Amino acid sequence: METERYGIIGGNGVPSICLGMARGEWMTSCCLATDLSLGIEGQTRQIFDIFDAHLGESGTDISQVLFAQVWLKRMSDYDAMNTVWNDWIDPNHPPARSCVRADMANPDHLIEIRITAARPL
């Protein structure tokens with residue numbers, strides 16, 4: 001069984017990582033926004049757009065997301081992030097989720113999210 005990797009990045013002082021991977025019956029992806037001029041709503045939407053692409057590449061969809069971990073720079077962004085979350089998530093198949101405040105490596109990042117999803121074999 002081969003491991004699939006999505007969004008491999010690295011170089012110029014950036015650690016070499018993949019933004020997502022899939023193997024067997026699961027996939028995971030962890031992303032930050034790339035347009036740091038955006039506010040919390042825009043950065044959150046941008047991350048969800050990346051997730052949609054990774055879910056599609058791995059042969060699954062939003063209804064199969066099992067768990068999400070959210071790191072917010074400021075808990076004062078919690079309500080705005082939740083509004084975007086509720087527009088994105090499948091309301092009939094919501095995942096388990098945790099959300100914590102965290103210092104970001106780049107202070108312009110307002111949010112980082114990791115998801116884990118099931119996928120059909």
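The values are calculated or read from the model by the stated rules, or taken from the named source; none is laboratory data. Keep in mind that what you see is a predicted model, and the values were worked out from it rather than measured. Cβ atoms come from the backbone with ideal geometry, glycine included; neighbour counts cover every protein chain shown.
Worth a mention:
- Given (1) modelled with pLDDT under 95; (2) hydrophobic (A, V, I, L, M, F, W, C); (3) closer than 13 Å to GLY7 by Cα, index of the condition ILE47 fails: (1)
- Near pairs, Cβ below 7 angstrom, 6+ apart or cross-chain, from the range 59-87 (of a type outside the set (Lys, Arg)) to any residue that is surrounded by fewer than 19 Cβ atoms within 10 Å (Cβ to Cβ) and assigned to a helix (DSSP H, G or I): LEU72/TYR78; ALA80/GLU41; VAL84/GLU41; VAL84/ARG45
- Hey, VAL84 farther than 25 Å from ARG5 by Cα, in contact with a Lys or Arg (Cβ under 8 Å, 6 or more places away or on another chain) and surrounded by 14 or more Cβ atoms within 10 Å (Cβ to Cβ) or not: yes
- Residues (at pLDDT below 80 and either in a loop (DSSP other than H, G, I, E, B) or surrounded by 10 or more Cβ atoms within 10 Å (Cβ to Cβ) (or both)) located in the range 5-16: TYR6, GLY7, ILE8, ILE9, GLY10, ASN12, GLY13
- Scanning the range 25-52 for residues that are assigned to a helix (DSSP H, G or I) and within 11 Å of the chain's Cα centre (by Cα) yields GLN43, THR44, ARG45, GLN46, ILE47, PHE48, ASP49, ILE50, PHE51, ASP52.
- Qualifying residue in the range 23-34 (condition: of a type in the set (D, E, K, R) and at pLDDT 95 or above): no
- Exclusive hit being under 20 Å from THR3 (Cα atoms), of a type in the set (A, V, I, L, M), touching a residue at least 40 places away in the same chain (Cβ under 8 Å) and surrounded by 13 or more Cβ atoms within 10 Å (Cβ to Cβ), set LEU55, LEU19, LEU32: LEU55
- One residue stands out in the range 98-121 among those that are closer than 21 Å to TYR6 by Cα and among the β-branched types (Val, Ile, Thr): the one that is surrounded by the fewest Cβ atoms within 10 Å (Cβ to Cβ), namely THR116.
- Within the range 22-54, the set of residues being under 18 Å from PRO95 (Cβ atoms) and either basic (Lys, Arg) or in contact with a Lys or Arg (Cβ under 9 Å, 6 or more places away or on another chain) (or both) comprises ALA22, GLU25, TRP26, MET27, THR28, SER29, CYS30, CYS31, ARG45.
- Scanning the range 63-106 for residues that are part of a loop (DSSP other than H, G, I, E, B), at pLDDT 95 or above and closer than 14 Å to ALA33 by Cβ yields a total of 2.
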